[in-house]
């Protein structure tokens with residue numbers, strides 16, 4: 001594939017290397033995967049007298065579709081002209097199919113509309129991103145579970161509204177981070193990844209004209225080929241599925257941002273209750289050791305809210321396909337997936353290098369000795385929090401992804 005000059009290669013996205021699964025290349029690969037799956041699904045549901053021949057023809061066409069042979073500059077030009085990348089993509093894929101099997105190009109994109117392909121592709125990207133993100137969340141969770149257990153009896157000062165409140169333990173605080181990570185894992189596990197297939201206006205007419213009553217079976221076969229869920233309907237203007245996926249990505253970002261914000265606070269020079277393995281410097285102050293991962297996790301959390309708002313605004317759809325709302329969704333959705341991938345990865349890295357500074361914790365306790373009444377009782381109460389958090393995490397991660 002001839003690649004156009006990149007306009008965004010991560011200069012202002014320091015964690016962007018973890019988000020390749022949501023890149024333009026990844027989206028393009030998913031678009032081709034969906035077109036292949038639709039071709040194969042037609043073979044799966046064919047009522048032709050020679051079903052084996054029909055499936056063989058579908059496999060031959062699908063095998064001819066090669067993402068690496070696409071002309072990316074032509075795709076960009078086509079996207080500018082048509083307002084959607086699928087139209088120009090179909091032209092190139094049909095040409096590939098015709099070149100390999102003359103006259104068979106029309107089997108590509110047969111009966112589908114651009115929204116079927118793009119929605120399904122973005123859901124497929126979401127599944128790949130969130131599946132990988134879940135694995136990194138589990139890596140972070142394992143580290144937090146170990147740390148919570150190791151520090152379950154380390155008495156520390158809990159804070160509320162920025163002020164010293166009463167004694168707790170480091171283990172109990174870590175358990176709250178673990179709880180947030182577990183919640184994100186649960187949300188990702190529960191969310192649906194629905195295929196989109198409804199044809200021009202969602203009725204499946206073009207599919208049924210080719211083979212009467214085939215739309216439900218074709219949708220199910222396409223979903224099966226992609227490893228996506230069959231929603232049993234088209235959802236062109238019901239954007240609940242995208243909201244759910246976007247909110248799942250945002251839950252990942254928020255859980256990791258909470259960890260980042262707490263670590264950044266605890267690593268402050270005058271507090272110093274934790275230390276991080278990866279510390280950045282300063283162009284003007286060489287003595288500084290900035291908790292870079294914690295800072296960037298916090299930043300991602302702050303960025304996510306606006307993207308979620310865009311998805312909710314775009315969900316106010318109209319007609320059988322709206323004029324702009326659907327289009328407004330694409331980058332916001334993809335950006336949330338990128339932030340989720342980045343955050344899960346950086347959180348795992350941050351936890352792996354996180355160390356508790358016990359001397360600093362004791363110095364903090366000494367500022368309010370009257371708030372530490374009964375260490376044994378504090379450790380016992382906080383220990384229950386640790387045990388409950390770890391047990392909940394174990395239950396969530398024992399569920400198959």
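The values are calculated or read from the model by the stated rules, or taken from the named source; none is laboratory data. As the structure is a computational prediction, the values presented were derived from the model and not from experiment. Heads up, the Cβs are rebuilt from the backbone with ideal geometry, glycines too, and the neighbour counts pull from every protein chain shown.
What is the residue count in region 261-272 for residues that are in a helix (DSSP H, G or I) and surrounded by fewer than 24 Cβ atoms within 10 Å (Cβ to Cβ)?
So the count comes out to 4.
Could you tell me which of the residues 106, 120 is assigned to a helix (DSSP H, G or I) and surrounded by fewer than 17 Cβ atoms within 10 Å (Cβ to Cβ)?
When all the criteria are applied, what remains is 106.
Run residue 391 past the list (1) out of contact with any helix residue (DSSP H, G or I) (no Cβ under 9 Å at 6 or more places or on another chain); (2) modelled with pLDDT under 95; (3) within 24 Å of residue 137 (Cβ to Cβ) and report the number of the one that doesn't hold.
Unmet for residue 391, out of (1) out of contact with any helix residue (DSSP H, G or I) (no Cβ under 9 Å at 6 or more places or on another chain); (2) modelled with pLDDT under 95; (3) within 24 Å of residue 137 (Cβ to Cβ): (2).
Take residue 242 and tell me if it is in contact (Cβ under 8 Å) with a residue 12 or more places away in the chain, within 24 Å of residue 393 (Cα to Cα) and in a helix (DSSP H, G or I).
No, not satisfied.
State whether one or more residues within region 185-196 are more than 25 Å from residue 251 (Cβ to Cβ) and modelled with pLDDT of 95 or more.
no
If you take the residues of region 204-222 that are closer than 22 Å to residue 317 by Cβ and touching a residue at least 24 places away in the same chain (Cβ under 8 Å), which of them is farthest from the chain's Cα centre (by Cα)?
Top of the filtered list is 206.
So residue 11 clears everything in (1) surrounded by fewer than 20 Cβ atoms within 10 Å (Cβ to Cβ); (2) assigned to a helix (DSSP H, G or I); (3) under 25 Å from the mean Cα position of the chain (by Cα) except one condition, right? Which one?
(2)
Yes or no, residue by residue, for (1) in contact with a helix residue (DSSP H, G or I) (Cβ under 8 Å, 6 or more places away or on another chain); (2) at pLDDT below 95; (3) within 30 Å of residue 236 (Cα to Cα):
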{"residue": "274", "(1), (2), (3)": "yes, no, no"}
{"residue": "286", "(1), (2), (3)": "no, yes, no"}
{"residue": "292", "(1), (2), (3)": "no, yes, no"}
{"residue": "296", "(1), (2), (3)": "yes, no, no"}
{"residue": "318", "(1), (2), (3)": "yes, yes, yes"}
{"residue": "325", "(1), (2), (3)": "yes, yes, yes"}
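If you check residue 31 against the conditions, is it surrounded by 15 or more Cβ atoms within 10 Å (Cβ to Cβ), in contact (Cβ under 8 Å) with a residue 40 or more places away in the chain and closer than 23 Å to residue 330 by Cβ?
yes
Can you find a residue that is out of contact with any strand residue (DSSP E or B) (no Cβ under 9 Å at 6 or more places or on another chain) and crowded, with 23+ Cβ neighbours inside 10 Å anywhere in region 76-84?
no
If residue 192 passes every condition in (1) surrounded by fewer than 21 Cβ atoms within 10 Å (Cβ to Cβ); (2) out of contact with any helix residue (DSSP H, G or I) (no Cβ under 7 Å at 6 or more places or on another chain); (3) over 30 Å from residue 357 (Cβ atoms) but one, which one does it miss?
(2)
Checking residue 373 against (1) under 25 Å from the mean Cα position of the chain (by Cα); (2) assigned to a loop (DSSP other than H, G, I, E, B), which single condition isn't satisfied?
Condition not satisfied by residue 373: (1).
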